[in-house]
Amino acid sequence: MKKAADHPTPTPKTDTASFTLGGAALQLLDTTWRIAVPVIIVAVVGILLDKRLHTAPWLTLAGMAVGFVIAGLLVKQQIDKVNREERS
């Protein structure tokens, strides 16, 4: 009959590259602001200019397009940073 002490207990992984819920949540929040903030800010500027210049909805739509491009560049920058960290 074997005792419980004869069986090794598995040790938890302590690798820094392993998935953690806190790390994933921070990445998600980081990605969220990179998408939302540029689009919202530039759209609001477009709305204000449309009201002042009576050009609705064209400056709002142009602003949103610019905001999406900026958001895409910011997310690409974040992905590149994560990839560099994983390689090192």
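Since every read-out is calculated from the coordinates, none of them should be taken as a lab result. Please read these numbers as outputs of a predicted model, since none were measured by experiment. No Cβ is skipped: glycine too gets one built from the backbone with ideal geometry, and neighbour counts run over all protein chains shown.
If a residue must be under 16 Å from Leu74 (Cα atoms) and not in a helix (DSSP H, G or I), how many such residues does region 26-58 contain? Lay out the reasoning, then the answer.
Of the residues in region 26-58, the ones under 16 Å from Leu74 (Cα atoms) are 26-42.
With the extra rule that they be not in a helix (DSSP H, G or I), the set shrinks to none.
So the answer is 0.
Picking from residues in region 39-88 that are of a type in the set (Ser, Thr, Tyr) and either under 30 Å from Gly23 (Cβ atoms) or touching a residue at least 12 places away in the same chain (Cβ under 8 Å) (or both), the one that is surrounded by the most Cβ atoms within 10 Å (Cβ to Cβ) is Thr60.
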